[in-house]
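These notes concern the structure reproduced below.
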Amino acid sequence: MLIISLLFLIAGLVLIALRWRRVLEGRAALLGGIGSALLGVLLGLTTIAYVVEPYEVAVPTRLGKIGGTWQPGLHLKSPLTDVTAFSTRPSDLNLTGDGTVEVRSSEGGVLFADLTVKWSIDPKHTVDLYKLAGDSDAVQERLVLPDSREIVRNVFAKHTSVEGYSSQREAIAGEIDKLITARLAPRGVLVNGVNLRNVRPSDDLQKAINAKIAQDQATAQAEAAVRTAKAEAEKRKIDSESQAAANAAIANSLTDKILMSQCIEAFKAAAEKNAVYASPCGNGGGSPVIVDGTKR
C-alpha cells in the first residue's frame, strides 16, 4: 500500500509540475494531478493509521518483531508495520455432517457424535495466540478443532456403547466440556459451552444394542417368573402349615367331655322339632341316633 500511495503522489506532482510549466495545457491536467496527489496522500495515511474495531483486538508486527496487544480505537503505526486483528466475538465450532466425530466405546463399538463447541479468545492472551496460530481462523483450525476431537474420543473410550448412546450421555457431555475448557484456557481460548447434540451408533452397533436389549428383557421376564413361582410356592407352604396347625389344635381340643357336650346340645336342638327316642353319645354307643317320633 505504501508503494501504491507513493506512485499516486509522484504521478500527481508530476502532472501539476508539467501544467505549471505549461508543458500540458488545460484544467484537466491540473485537476488530474491534484486528484492523484490527494489520493496518494490518503493512501499514505492508511499506512500510518489503523483502526481496531470495538469487537476486535490486534497484534502489530514490524520487521519480525511482535508488539503488544492493541485495544479498540485508532492507532498510529509505521508503514512497515503489519497488523493482525482477532475477533473477540463468540464463535461456534460445529462438528456435524462431514465433521462428525467418529468415536469408539470401551467395548470397541463405533459411534458418531455431533457437537458444538462455543469459544472465544481471551484478549489477555492475544499475543500468545498469534504466536501459536496466527489469526482467528487458525486458532480454530489449529487449537480448538484438534483438541476438541481428541478429548471427545478419549472420553467416549472410557464408557460402554450403551452408556455413550443413552444412559450416561449427560455425564459424558459434562466431562467433555470440563476437559476442553481445562485444555484450552491456558492457551488463551475461552470455552463458553459444549453442546453434545446427538450420538448415534453405527449400523453394526445398533444391531448389537437391539440384541442386548432383547436379551435383557427376556432375562428380566424369566427372573420375574422365577420370583412369582417362589412366592406362590412359599404361600402354599404357609397355607399348608397353617391348616396342619389348625387341624392339630382341633384334634387336641376334642376331648370326650367336649364331644358329649356338643352331642347333648345337638339333641336339644333336634328335640325342639322331633321327639328323641334314643340318644347314644360318647364312647358308649358310637354316633348318636335321632329317631323321628312322627314316623316310627
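Every number in this text was worked out from the coordinates using simple rules, so none of it is lab data. Just so it is clear, the structure is predicted and the values come from calculations on it, not from any experiment. Backbone-built Cβ (ideal geometry, glycine too); neighbour counts: all protein chains shown.
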For the range 87-103, Karplus-derived ³J(HN,Hα) couplings (6.51, -1.76, 1.60; θ = phi - 60°; whole Hz; x for glycine and proline) come out as 6, 9, 6, x, 10, 10, 9, 9, 9, 9, x, 5, x, 4, 8, 8, 10
By the mean-Cβ-within-10 Å protection proxy, highest first, 210-220, 189-199 rank as 189-199, 210-220
As a footprinting exposure proxy, order Glu107, Glu163 by other Cβ within 10 Å, with the fewest listed first. Glu107, Glu163
Relative packing of peptides 70-77, 221-228 - highest average C-beta neighbours within 10 Å first: 70-77, 221-228
How do Arg236, Arg149 line up, fewest other C-beta atoms within 10 Å first? Arg236, Arg149
Where in the range 163-188 does the amide nitrogen come within less than 11 Å of the point 7 Å from the Cα of Lys124, taken along Cα to Cβ? 186, 188
Cβ density ranking, 10 Å radius, fewest first, applied to Val52, Val155 yields Val52, Val155
